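Worksheet: one structure, shown below.
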Amino acid sequence: ALRFQETIPSTFDALERVLETLMELARGMKCGKGQMQDVELALREAMVNAIVHGNRQDPEKKVCVRCFCQRGRGMLLVVEDEGGGFDPKQVPDPTQAERLFESHGRGLFLIRRVVDRVRYSRSGRRVTMVKRLRG
């Protein structure tokens, strides 16, 4: 099983470094064979949201990334920020006709599409995602 945890500053350079490291480890463990693009997309979107919307790109604030992988079963991904939180139910659906050209809400939409389960906790400061291995 893979257990990974890292806390990074709210910068895109740090995001790229931790994402690259985590994806390399997960590929080596064959955690989500054939589904790593979905895992990477979900993690990237959650981390970008944590940096931009949660921590307002304040490098003094941290983002914690955790990943648990069990070969043959799938992955549990957790991203947590130090921001003020949000209510995901209040984020409008970006697929509605009047919102097609807005960029707000697309990250949450993509995450919901590529993982099997998403849960928000700590007033929206933590997102937990589950990606099951498809056989």
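Every read-out reported here was derived from the displayed coordinates using simple, explicitly stated rules and does not represent laboratory data. Model, not experiment: these values are computed from the prediction. Note: ideal-geometry Cβ built from the backbone for every residue, glycine included; neighbour counts use all protein chains shown.
Overview of results
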read-out: Amide N proximity, segment 61-95 versus Lys30 label position 7 Å along Cα-to-Cβ, cut-off under 17 Å; value: 69-75
read-out: Globularity index of segment 1-91, i.e. its alpha-carbon radius of gyration over 2.2 N^0.38 Å; value: 1.09
read-out: Within straight-line cross-link reach of Lys30, lysines at Cα separation under 30 Å, skipping those fewer than 8 residues along the same chain; value: Lys62, Lys131
read-out: Protection proxy ranking of 119-129, 67-77 - average other beta-carbon atoms within 10 Å, highest first; value: 67-77, 119-129
read-out: Convex hull (Cα only) mean projected area of segment 1-51, reported in nm² to one decimal; value: 3.3
read-out: Listed peptides 79-86, 106-113 by packing density, highest first (mean Cβ within 10 Å); value: 79-86, 106-113
read-out: Calculated diffusion of segment 42-135, Stokes-Einstein form, Kirkwood radius summed over Cα pairs, 10 °C and 1.306 mPa s, µm²/s; value: 114
read-out: Gaussian network model of the chain, springs between alpha carbon atoms under 10 Å - residue of Lys33, Lys62, Lys89 with greatest fluctuation; value: Lys89
